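Taking it in order: structure first as structure tokens, then the write-up.
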Amino acid sequence: MTAIVDLRPLIALDADVLIYSVVDHPLGRRIRALLDDNAHRFSGSTLLLPETLIKPTRTSPVEREHLASLLANIDLEPATQSVCSVAVALGAKYRLATVDAVHLATATETGADAFLTNNRNEFDQDLIDEIEVLYPTDLPG
């Protein structure tokens, strides 16, 4: 029996783009269209769970429900020792905060084709060479 391989591009997600996708924001509409197009696969760190769900759990049950629904369709990868070791190297190289380093390391370690973030201050497209960095403004409008 032959295993079926999903050849759709894999895009790793940062927390900010998931949050934008559930609020009424121009960038959110672009991200939501990408998430709904079925032409891509999506992944991210398990750290997306607390990073995206803590605040809406307190303040907005509807937003929390939307985020939880999105997260259910994303391959969430654990922050393993290997991922965290890569996060140390990437965090030091690019001066990243811990969670940002883990997100970038997860993307690179899982073989993602690109990393989607709106955090331009931390993730400079011209500097990071381990993976293609995309911003929501790079997506079709």
What's the center-to-center distance, using Cα atoms, between region 92-108 and region 16-30 in Å? 22
Once you place label points 7 Å from the Cα toward the Cβ at ASN38 and VAL62, how far apart are they in nm? 2.7
When LEU76, LEU35 are ordered from fewest to most other Cβ atoms inside 10 Å of their Cβ, what list results? LEU76, LEU35
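Kindly provide the helix-only [θ] at 222 nm of the chain, computed as the sum of -39,500 (n - 2.57) over DSSP H runs of four or more divided by all residues, to the nearest 500 deg cm²/dmol? Intermediate results must be reported in sequence, preceding the final value.
On the way: 6 runs with 67 residues, N = 141.
Calculated from helices alone, the mean residue ellipticity at 222 nm is -14500 deg cm²/dmol.
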Put in order of increasing Cβ neighbours within 10 Å, starting from the fewest, SER45, SER21, SER69 give SER69, SER21, SER45
Over region 1-63, what relative contact order in percent results from Cα pairs under 8 Å that are six or more residues apart? 38
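If you take the square roots of the eigenvalues of the alpha-carbon gyration tensor of region 24-79 and sort them as a ≥ b ≥ c, do you get rounded (a/c under 1.5), prolate (a/b over b/c) or oblate? The partial results should precede the final answer.
Numbers: a/c = 2.15, a/b = 1.11, b/c = 1.93.
Here region 24-79 falls in the oblate category.
Calculated FRET efficiency, TYR94 and LEU49, Cβ-Cβ r, R0 30 Å, to nearest 0.05? Numbers along the way, then the final one.
On the way: r = 24 Å, r/R0 = 0.79.
It comes to 0.80.
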Going by how many other Cβ atoms sit within 10 Å of their own, how do ARG29, ARG64, ARG58, ARG8 line up, fewest first? ARG58, ARG8, ARG29, ARG64
For region 10-138, the fraction of alpha-carbon pairs in successive 5 Å shells from zero, as %: 2, 11, 22, 25, 21, 12, 6, 1
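Every number in this text was worked out from the coordinates using simple rules, so none of it is lab data. Computed from a prediction, not measured in an experiment: that's the story for all the values here. All Cβ positions, glycine included, derive from the backbone under ideal geometry; neighbour counts span all protein chains shown.
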